[in-house]
Amino acid sequence: MKNFMEIAINEAKKAEKRGEVPIGACVVKNGKVISKGYNKREKTKNAINHAEIIAIKKACRKLHDWRLLDCSLYVTLVPCPMCAGAIVNARIKDVHYGADEKSEDNLCEKIFESTRLNHNTKLIKEEKYSEICSSLLTNFFKGKRKK
């Protein structure tokens with residue numbers, strides 16, 4: 001089986017090279033990557049161009065459907081509330097992530113488990129990649145503060 005978190009990490013590195021916050025994602029179905037994405041907010045001057053949103057949009061185009069049933073999302077940082085909403089609406093079955101968000105309100109989990117929504121998504125932390133994903137973000141923001 002391919003290592004999908006490493007693909008997401010490579011996407012995050014692409015974002016970093018372009019001056020974007022280093023977050024990367026990929027959508028997987030039946031053991032195959034069907035789309036990838038990285039943050040492009042600075043380039044596009046668009047607040048919603050998060051890695052997850054870009055990967056979801058590409059996956060929907062590829063599958064010709066807005067329902068990404070039986071798909072998994074791999075992402076380097078636990079999704080924000082906007083992305084969590086998009087993930088649930090796309091019917092993604094599970095999200096594998098590397099780094100935790102600094103806040104501890106577990107908002108992503110609350111969205112994924114909400115009884116108000118007609119789909120629930122499982123959140124899975126990939127502990128093996130937690131340090132590298134966290135380091136990408138920490139080092140990026142340290143570099144920004146030095147400038």
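The values are calculated or read from the model by the stated rules, or taken from the named source; none is laboratory data. What you see is a predicted model; the values in this text were computed from it and never measured. Positions of Cβ are backbone-derived with ideal geometry, glycine not excepted, and every protein chain shown enters the neighbour counts. These accessible areas exclude ligands, DNA and RNA; they are computed on the full protein's heavy atoms, side chains included. Shrake-Rupley method; radii C 1.70, N 1.55, O 1.52, S 1.80 Å.
Please state the equivalent ellipsoid semi-axes for the chain: what are the square roots of 5 times the Cα gyration tensor eigenvalues, largest first, in whole Å?
Numbers: eigenvalues 106, 56, 45 Å².
Semi-axes, largest first: 23, 17, 15 Å.
With a sphere of radius 12 Å drawn around the Cβ of Asn118, what net charge do the other residues whose Cβ falls strictly inside it have (Lys, Arg +1; Asp, Glu -1)?
Details: positive: Arg67, Arg91, Arg116; negative: none.
Neighbourhood net charge equals +3.
Roughly how many Å² of Thr138 are accessible to a 1.4 Å probe, to the nearest 10?
60
What whole-number distance in Å separates the alpha-carbon centres of region 121-142 and region 2-81?
For region 121-142 versus region 2-81, the Cα centre distance is 15 Å.
Tell me which of Asn46, Asn10, Ala25 sits at the most positive position along the dipole axis of region 1-61, charges placed on C-beta atoms (Lys, Arg +1; Asp, Glu -1).
Ranked along the dipole, the leading option is Asn46.
Rounded to the nearest 500, what is the chain's calculated 222 nm mean residue ellipticity when only DSSP H runs of at least 4 contribute -39500 (n - 2.57) each, over all residues?
Taking each H run of at least 4 residues, the total per residue is -13000 deg cm²/dmol.
Want the number for Lys142 to Lys17: 0.36 nm per residue separation, take away the alpha-carbon distance, what's left?
Roughly 43.5 nm would be gained on extension.
Quick check: residue separation of Asn120 and Asn106 times 0.36 nm, minus the Cα distance between them. What number comes out in nm? Walk me through the numbers on the way to the answer.
Values: separation 14, 0.36 × 14 = 5.04 nm, distance 1.50 nm.
3.5 nm is the gain from fully extending Asn120 to Asn106.
For Lys122, list long-range residues whose amide hydrogen, built 1.01 Å from N in the peptide plane, is under 5 Å from its own amide hydrogen.
HN-HN under 5 Å from Lys122: Asp94, Val95.
Where both residues lie in region 1-113, what percent of DSSP beta bridges are antiparallel, nearest 5?
Looking only at bridges with both residues in region 1-113, the antiparallel portion is about 70 percent.
Which order do the peptides 58-67, 79-88 come out in when sorted by mean C-beta neighbours inside 10 angstrom, highest first?
79-88, 58-67
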